[in-house]
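Taking it in order: structure first as structure tokens, then the write-up.
The values are calculated or read from the model by the stated rules, or taken from the named source; none is laboratory data. Predicted model, so just to flag it, every value in this text is computed and none were measured. Virtual Cβ from ideal backbone geometry, glycine too; neighbours counted across all protein chains shown. Accessible surface areas use protein heavy atoms only, side chains included; no ligands, DNA or RNA. Shrake-Rupley method; radii C 1.70, N 1.55, O 1.52, S 1.80 Å.
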Amino acid sequence: MKVLIPVDSSSAALAPVEHLARLARSGVELEVLVMNVQPRFHRHISQFSSRSAREELRVERSRAAMARAIEALSLAGLQFRAFAEVGTPAERIAAVAEREQVDEVMMGVGRHPGWLRWLNPSIAQGIMARTDVPVTVLSRGRAGKLERFAVPAGVASLAAWLLAAE
């Protein structure tokens with residue numbers, strides 16, 4: 001099974017690594033690709049820096065973003081290839097999934113420290129819109145009080161309001 005894991009520097013991005021380690025222990029043969037997507041620099045920034053300086057910064061950021069995933073894959077004894085891409089995340093992930101002919105894209109999502117929202121699920125949606133390769137989203141972390149109580153209460157009150165309106 002050939003799996004693509006797009007990662008950033010968050011701990012949530014490591015959820016697929018833990019899942020794949022369990023699969024490998026159960027006897028599933030895996031080929032893992034780990035990638036990080038760095039954004040293009042805005043043209044106003046680009047005009048004041050050299051191409052080599054921008055490339056060096058992207059390489060440094062990609063290495064930092066993939067370091068924990070690479071370490072976790074190594075500790076789990078999984079064979080992998082790591083590489084970086086430049087561009088829009090959903091677009092680049094879908095392109096790599098097609099180019100490498102992966103069986104599945106696995107993404108980890110979770111909570112950003114200090115934020116009351118989940119990581120942007122639109123990246124997974126963007127990947128699914130661009131390719132037929134299956135995308136699995138693995139959640140990591142616990143829902144906060146807002147997600148556990150306020151959101152369901154709001155949905156329930158909206159449903160009650162809609163039923164009363166009929």
Fill in the blank from the handout: For Ser74 the rounded accessible area (nearest 10 Å², probe 1.4 Å, non-protein molecules ignored) is 70
Exercise for the section: Would you please name the GluC sites (Glu not before Pro) within the stretch 17-112 that are DSSP coil residues with at most 10 other C-beta atoms within 10 Å of their C-beta? Expected result: Glu29
Practice task
Measure off 7 Å from each Cα along the Cα-to-Cβ vector at Phe48 and Arg22, then give the distance between these two points in nanometres to one decimal.
Solution key: 4.8
Practice task
Would you work out which of Gln79, Ile45, Leu20 lies farthest towards the positive end of the dipole of the stretch 1-81? Charges go on Cβ: Lys and Arg +1, Asp and Glu -1.
Solution key: Ile45
Practice task
On the protein heavy atoms, probe 1.4 angstrom, tell me the percent of accessible surface of the stretch 1-92 carried by carbon and sulfur.
Solution key: 51
Handout entry: the stretch 13-128, accessible area per residue, ligands and nucleic acids excluded (1.4 Å, Å²)
Key = 60
Fill in the blank from the handout: Here the gain from full extension of Asp132 to Leu57, 0.36 nm per residue of separation minus their alpha-carbon distance, amounts to 23.7 nm
Exercise for the section: Give a quick list of trypsin sites (Lys or Arg not before Pro) in the stretch 1-86 that DSSP marks as loop, anything other than H, G, I, E or B, with at most 15 other Cβ atoms within 10 Å. Expected result: Arg40
